[in-house]
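Novice: Dropping a structure here in structure tokens format, bear with me for questions.
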Protein chains: 2
Amino acid sequence: MNEIQILKGNIIFTDEMHSFSVHKNSYLLSVDGVIKNIYENLPDQYQDNIVQDFGDSLIIPGFYDLHNHAGQYLQCGTGMTKQLLEWLNDYTYKLEADLDNVEFAREVYGLFAKDLLAYGTLGACTFATSSTQGTACLFEAFKEVGIRGFVGKVNMVTNAPDYIIEDLDVSLEGNLNLIEKYSNHKKVKPIITPRFAPTSTEASMDALGKIAKKHGVPVQTHISENPDEIKWVKTLYPWSDNYASVYAKYGLFGTVPTLMAHAVHLTPEEIEMSKTENIYLVHCPDSNINVRSGIAPIKKYLEEGIKVGLGSDIAGGHKIQMNEAIVRAIQSSKHLSLTDPHAQLSLSEVFYMATAQGGAFFGKMGKLKSGYVLDALVIDDHPLYKNRYTLLDRLEKFIYTGDDRWIKARFIGGQRL
Amino acid sequence: MNEIQILKGNIIFTDEMHSFSVHKNSYLLSVDGVIKNIYENLPDQYQDNIVQDFGDSLIIPGFYDLHNHAGQYLQCGTGMTKQLLEWLNDYTYKLEADLDNVEFAREVYGLFAKDLLAYGTLGACTFATSSTQGTACLFEAFKEVGIRGFVGKVNMVTNAPDYIIEDLDVSLEGNLNLIEKYSNHKKVKPIITPRFAPTSTEASMDALGKIAKKHGVPVQTHISENPDEIKWVKTLYPWSDNYASVYAKYGLFGTVPTLMAHAVHLTPEEIEMSKTENIYLVHCPDSNINVRSGIAPIKKYLEEGIKVGLGSDIAGGHKIQMNEAIVRAIQSSKHLSLTDPHAQLSLSEVFYMATAQGGAFFGKMGKLKSGYVLDALVIDDHPLYKNRYTLLDRLEKFIYTGDDRWIKARFIGGQRL
């Protein structure tokens, strides 16, 4: 249809992770939802087109949250001083079980999807629960709100309370149903989601790996979140060289596009595997400190050339806002830097993780440059800031102190939501 | 006048730091702004009084921010990857100098006071700038908004750019003017504020200590924020046993009620001095990690019986919200706990710091019990949370994920603002 759209404002994004691209007072031109170019002065041929003029506002890419649990959204910020097992048994598993109720699932997932969009998360890779009908409600909630998603039915066949695990055949059938129903949707797609190695069996991982490969569906799971978990995996899979090798044996480590959340304590071999297998590691800084897992050495991973995205990890992390995840990633790296000055992450590095790297998992998204899909946010800050600070200062201020009320417009695929 | 006020709701506060006092569905009765009692059932004698029924909402004490810089509010969240000196020179000092302009000061301080109240900070101990007329605008802003404050004109006579320091006699005259003008105000009072030892001289500290003692005005300053600063103090005051002893020599360490912000790296002697001199240490967790000062060992201070309050430290800290400061204090203690499991702070301990301990600096405030002034917030959360979680879960959820939109009412001295 060749629908031309022109946004005007101060355009900022990260084309690479070490610096920001800043286009003051410029025109962002897209055709059919795909960015064509940025112009300082609008070319003559577009002079008759309507310009959506956002004045002195900032236009930035949307955020992509590569790891969270929609099925835990209600419990955000509760039980934060519990130990992991108590937290799972007293809060998480019960809530996840209740989300088999379709009415409740619609209500909770509707709130979750709405809040993601409000805070500028335009795409999310998310764990629902082991309930297939509940998970279907999460697909529908994302569709209704209009955000991008990779939505996973959680697969658990062992080592959890009976009321939350499934027989393997039931689990597989649920996956196949959701793949059949949603694989062709444009913005919301299925993702194979073993909860993690300890709640899987070799049979379940083998079957899930085969489904992922056969249907070309990506994979998401957890890896090396805390030392006890790593020991447990070694006990359960004594033949394994390391945690990653358990997933790798069953086609769940890079055979298809793969998200590995946490990666706090990877071995040198696992770091190498992550690189060669083209894994997306997902850093979840709030969660890692809330449940006292440790601090992932993200700067090192970036320097190794590994793809690292950012996750809110609702509800191990308590904030759905990705700007908060950016701040906590920088703060956590500063904690590391108290003993290793080289460990500190810059704002552009973490912004890149939250936008360009996250967007890459979804397609050509997360950058405001030619050939990329127009997923963008318009940020309007207080006049007192506008008058005093540089564009990058104002961006940093939004990241550190802003909330949904600062976001004046949201575009997904060129469509204003 | 014996004005009776009755609030109804779920009343929660910390009478001591190790547990919460919870009064489900109860009546909070105050007379002339002072709490008389909490009742499960309203006594017959009050049956004819109007009850402000907040239903299933939470009624909690307000927050008291014992350390922040009103003069840096505009720069919150900017320059967060700069080194301290660059941050001060490129951002802080210039902004502080501009706040000598009365019109600008009114605008900035008005925004600051309004935002404090919005986010539930009912009292704040704050640094303005070295400008006396600018500082007067901050007093006025607090008065206009109606919150409690100890407002300090910043005293700097050396070791900073010329445009931001004063001659000692000008500095002292400014203090005396503000003391004369504001000492008798009920809610907003002056506080003697040497910026810190390095921008002071022995003469300036001596004079300020004498003014504080003579006029019975409290003192606030910084101590032991980072190792370089501590070395610098030793160089400047080679006779001193430690940082605290510099202040102590001039009556600035406990002669009058005294706030010492940061205290990240106190020596055992300074810890002992803080205890015997009845100092309020002020923990500023966001700031300490943002500028990479380290992590203050707060659990240890609490166990020593030292009074420790909580500060946002705007703009070293980026969040004006005290619930965020509570979360970051817990998270920072969890970072410490990765190597010292005993270091972790509980929610009740940090809530106590932010309410009861902070309130104690202002008077009988910060607890919702008989004899205390009625400073309180009413928190209304989402129906989905109300139906599912305990009262303490819901409080924790507000602390971890809430914002000003959750605060449905604010009372100061019994007056709804």
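Novice: So, in segment A:43-94, of the ones that are among the hydrophobic types (A, V, I, L, M, F, W, C) and open to solvent by 10 Å² or more (accessible area, probe 1.4 Å), which residue ends up nearest to A:VAL378 (Cα to Cα)?
Specialist: The residue in question is A:PHE54.
Novice: Can you tell me which condition A:SER293 does not meet? The list is (1) facing chain B (nearest Cβ under 10 Å); (2) open to solvent by less than 10 Å² (accessible area, probe 1.4 Å); (3) assigned to a helix (DSSP H, G or I), and all the others hold.
Specialist: Among (1) facing chain B (nearest Cβ under 10 Å); (2) open to solvent by less than 10 Å² (accessible area, probe 1.4 Å); (3) assigned to a helix (DSSP H, G or I), the lone unmet condition for A:SER293 is (3).
Novice: Something else about it: Name the residue that is nearest to A:HIS69 (Cα to Cα), counting only residues in segment A:112-130 that are open to solvent by less than 10 Å² (accessible area, probe 1.4 Å) and of a type in the set (Phe, Trp, Tyr).
Specialist: In this case the residue turns out to be A:PHE127.
Novice: Do we find a residue being open to solvent by 10 Å² or more (accessible area, probe 1.4 Å) and of a type in the set (Gly, Ala, Ser) anywhere in segment B:393-413?
Specialist: yes
Novice: Every residue in segment A:269-284 that is open to solvent by 10 Å² or more (accessible area, probe 1.4 Å), among the hydroxyl-bearing types (Ser, Thr, Tyr) and either at positive phi or part of a helix (DSSP H, G or I) (or both), please.
Specialist: A:THR276
Novice: Within segment B:397-417, which residues are touching a residue at least 40 places away in the same chain (Cβ under 8 Å), farther than 17 Å from B:GLY9 by Cα and in contact with a Ser or Thr (Cβ under 9 Å, 6 or more places away or on another chain)?
Specialist: The answer is B:TYR400, and nothing else.
Novice: For the structure I just gave you, tell me whether A:ASP65 is at pLDDT 95 or above, acidic (Asp, Glu) and in contact with a Lys or Arg (Cβ under 9 Å, 6 or more places away or on another chain).
Specialist: Criteria not met by A:ASP65.
Novice: Considering every residue within segment A:229-252, establish whether at least one is touching a residue at least 24 places away in the same chain (Cβ under 8 Å), in contact with a Cys (Cβ under 7 Å, 6 or more places away or on another chain) and small (Gly, Ala, Ser).
Specialist: no
Novice: Further, regarding this structure: Report whether or not B:ASP241 is closer than 30 Å to A:TYR400 by Cβ and either within 14 Å of chain A (Cβ to nearest Cβ) or out of contact with any helix residue (DSSP H, G or I) (no Cβ under 6 Å at 6 or more places or on another chain) (or both).
Specialist: no
Novice: Next up: All but one of (1) within 13 Å of another protein chain (Cβ to nearest Cβ); (2) within 30 Å of A:PRO297 (Cβ to Cβ); (3) in contact with a Phe, Trp or Tyr (Cβ under 8 Å, 6 or more places away or on another chain) hold for A:GLY366, so report the exception by its number.
Specialist: So the condition that A:GLY366 fails would be (1).
Novice: Being at the interface with chain A (Cβ under 10 Å from one of its Cβ atoms) and either over 30 Å from A:ASN290 (Cβ atoms) or surrounded by 18 or more Cβ atoms within 10 Å (Cβ to Cβ) (or both) is the filter here, so list the residues in segment B:371-387 that pass it.
Specialist: Listed by number, the list holds a single entry, B:TYR385.
Novice: Let me ask something else. Looking only at residues in segment B:336-356 that are more than 12 Å from every other protein chain (Cβ to nearest Cβ) and either among the hydroxyl-bearing types (Ser, Thr, Tyr) or open to solvent by less than 20 Å² (accessible area, probe 1.4 Å) (or both), which one is nearest to the chain's Cα centre (by Cα)?
Specialist: That would be B:ALA354.
Novice: Going through segment B:191-233 one residue at a time, which ones are polar (S, T, N, Q), within 25 Å of B:SER287 (Cβ to Cβ) and part of a loop (DSSP other than H, G, I, E, B)?
Specialist: Selection gives B:SER200, B:SER224, B:ASN226.
The values are calculated or read from the model by the stated rules, or taken from the named source; none is laboratory data. None of these values were measured; they are calculated from a predicted model. When we count neighbours, we look across all protein chains shown, and the Cβ atoms used for this are built from the backbone with ideal geometry, even at glycine. What goes into the accessible areas is simple: the full protein's heavy atoms, side chains included, and nothing from ligands, DNA or RNA. Shrake-Rupley method; radii C 1.70, N 1.55, O 1.52, S 1.80 Å.
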